[in-house]
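The values are calculated or read from the model by the stated rules, or taken from the named source; none is laboratory data. All values reported here derive from a predicted model rather than from experimental measurement. A quick note on method: Cβ atoms are made from the backbone with ideal geometry, for glycine too, and the neighbour counts reach across all protein chains shown. These accessible areas exclude ligands, DNA and RNA; they are computed on the full protein's heavy atoms, side chains included. Shrake-Rupley method; radii C 1.70, N 1.55, O 1.52, S 1.80 Å.
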Amino acid sequence: MASGEGGRLRVVVGITGGIAAYKAVALVRLLVLAGHDVSVVATPSALRFVGKPTLEAISRNEVGTDLYEGVAEVRHVALGQAADVIVIAPATANSLAKLAHGLSDDLLGTTVLASSAPLVVAPAMHTEMWENPATVANLALLRERGVRVVGPGTGALTGKDVGAGRMAEPEEILAATLAAVRPQDLAGRRILITAGGTREPLDPVRFLGNRSSGRQGVALAEAARDRGAAVTLVAAHLEVPPPHGVALHQVGTAEELAVAVAGFAAEADAVIMAAAVADYRPAVVADAKLKKEALGEEHELRLIRNPDILRALTSGELAPSRPAGQVVIGFAAETEQDPERILAVAREKAARKGVDFLVLNRVGWAEGFATAENAVTVLDGHGSIVGEAAGDKLSVAHRILDVLV
Ligand code: CTP
């Protein structure tokens, strides 16, 4: 099983025949965008609602339907055996009945039976069917066996009726799916994460910035959310979409980031400062666009030091009422090439910043920024190496959280 260790999961998305199947396309898309390997298993009736080419294009994998396809690779059990998690959305009343009784007359049925992975179902049906004692009993049986049920919500159904039975939204199903497979070792914890790079304005159209894309901070927010934490993400100019299910607070400059951290840190069990904060800002911010005629052939910029937010946090100056035992994790992006010297720089930084942990990553023209992969070394406050991780930014995020836990 790839869960915990790896960021990338093998997810089977089962789609059964209900009108909400069109929303399953969005679920598949969200899973793929989050970096997971998705195999869709659709029942023949599901394919009356959404086309196979759509599902294959969105999932980037072949879509299985028929028990008698892919027999040579023993597809009817292989998908289930390899899955880290199976999610069925929509799960019709009929499919819940079949699941409850272990029927396996189609590829989805055999896939589920052949799997020991967590199973998540997102029921969708008309209210009468949802409330029918047969469905109620089937669902109770499934819950008893550890199947996780997400939704349904109450709202407009296919016809003119309104009531219980509306499939949960794709984002909610995604969150439930990932939560089913990740350890819930941050449940009940409040985690503040900063991500992205601050921009310090020079005039209304220009700024001093850095190359941070926010990917590692966003991956940390996703990973912490999936492990049960209540996450606040303070985001400065992200180049990637912020994750669903976290409290998002957008900032522009280092000073705005400082104000946000001061506020949210008072309530956080852990603070992870993944943002690349500008150390300096222009002394003067022009009200109108700076013009070459006025600046001449050479122009000198005067810069002023920004506050060191991390240091101010650990010294107690920034958020005096922060909770006792709050864990603070800083980042150090360094260009030093020599392995010994880069560690020495990081050790000095960990001590100077007063952090509990420091995540060191080497950056350069082609390393670290705006890439999907990362390689980090985690040091504790005394400079001892307590973790190392390399790979996609989601796996790296999970390793960092393992250290935090
Ligand atoms: N940081 C901060 N406030 C700043 C600068 C950095 O809180 N004004 C935080 C970053 O979010 C990061 C850590 O401090 O978690 C280290 O940032 P880095 O830029 O590597 O450290 P600096 O103190 O700026 O040292 P250097 O002189 O190496 O840039």
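Computed from label points 7 Å out along Cα-Cβ, the spacing between Val345 and Val32 is 4.0 nm.
The chymotrypsin sites (Phe, Trp or Tyr not before Pro) of the stretch 1-80 that meet both conditions, a loop assignment by DSSP and at most 13 other Cβ atoms within 10 Å of the site Cβ, are Tyr68. Gap in Å between the Cα centre of the stretch 351-405 and the Cα centre of the stretch 291-307? A separation of 35 Å, based on Cα centres. Here is how the number arises for the chain: DSSP H runs of 4 or more residues each give -39500 (n - 2.57), the sum is divided by the residue count, and the result at 222 nm is -9500 deg cm²/dmol.
Would you mind calculating the gained length between Ala390 and Val136 on full extension (0.36 nm times residue separation, minus the Cα-Cα distance), in nm to one decimal? All intermediate terms of the calculation are to be shown ahead of the outcome.
Working: separation 254, 0.36 × 254 = 91.44 nm, distance 4.61 nm.
Here the segment from Ala390 to Val136 would lengthen by 86.8 nm.
A DSSP coil position with no more than 15 other Cβ atoms inside 10 Å describes the following trypsin sites (Lys or Arg not before Pro) in the stretch 227-319: Lys289, Lys291, Arg302.
If the elastic network links every pair of Cα atoms under 10 Å, which of Val376, Val162, Val218 fluctuates the most in the Gaussian network model of the chain? Comparing Val376, Val162, Val218 in a Gaussian network model of the chain, the most mobile one is Val162.
Share of carbon and sulfur in the accessible area of the stretch 5-180 stands at 55%, probe radius 1.4 Å. Amide H contacts of Val386 (H built 1.01 Å from N, in plane; Pro and chain starts excluded): Val378, Leu379, Asp380 sit under 5 Å, all sequence-distant by 5 or more or on other chains. Taken over the Cα atoms of the chain, the convex hull encloses 189 Å³ per residue.
Give the lysines reachable from Lys98 as a straight Cα distance under 25 Å; neighbours fewer than 8 places away on the same chain don't count. Here the lysines satisfying the reach criterion relative to Lys98 are Lys23, Lys52.
If a spin label sat at a point 7 angstrom from the Cα of Leu290 along the line to its beta carbon, the backbone N atoms of the stretch 195-230 nearer than 13 Å would be those of 200-209.
Checking the a/c ratio against 1.5 first, then a/b against b/c, what shape does the Cα gyration tensor give for the stretch 137-184? Verdict is oblate for the stretch 137-184.
The H on the amide N of Val327, modeled in the peptide plane, is under 5 Å from the matching H of Ala270, Val271, each at least 5 residues off or on a different chain.
Partner lysines whose Cα lies under 26 Å from the Cα of Lys349, excluding those fewer than 8 positions away in the same chain, are identified as Lys393.
Mean-square fluctuations from a GNM of the chain, with a 10 angstrom spring cutoff on Cα atoms, peak among His126, His299, His249 at His299. Solvent-accessible surface of the chain, averaged per residue with a 1.4 angstrom probe and all protein chains in place: 47 square angstrom. Between Leu318, Leu290, Leu174, the GNM of the chain built on Cα springs shorter than 10 angstrom shows Leu290 fluctuating the most.
Report the full-extension gain for the segment Arg60 to Leu113: residue separation times 0.36 nm, less the Cα-Cα distance, to one decimal in nm. Don't skip to the answer; put the middle values down first.
On the way: separation 53, 0.36 × 53 = 19.08 nm, distance 2.45 nm.
Using 0.36 nm per residue and subtracting the Cα-Cα distance, I get 16.6 nm.
Rolling a 1.4 angstrom probe over the stretch 190-404 with all protein chains present gives an accessible area of which 52% lies on carbon and sulfur atoms.
Between the stretch 205-246 and the stretch 94-149, what is the separation of their alpha carbon centroids in Å? If you average the Cα positions of each part, the centres end up 36 Å apart.
The stretch between Thr154 and Arg311 holds 51.7 nm of extra length on full extension. This uses 0.36 nm per residue minus the Cα-Cα distance.
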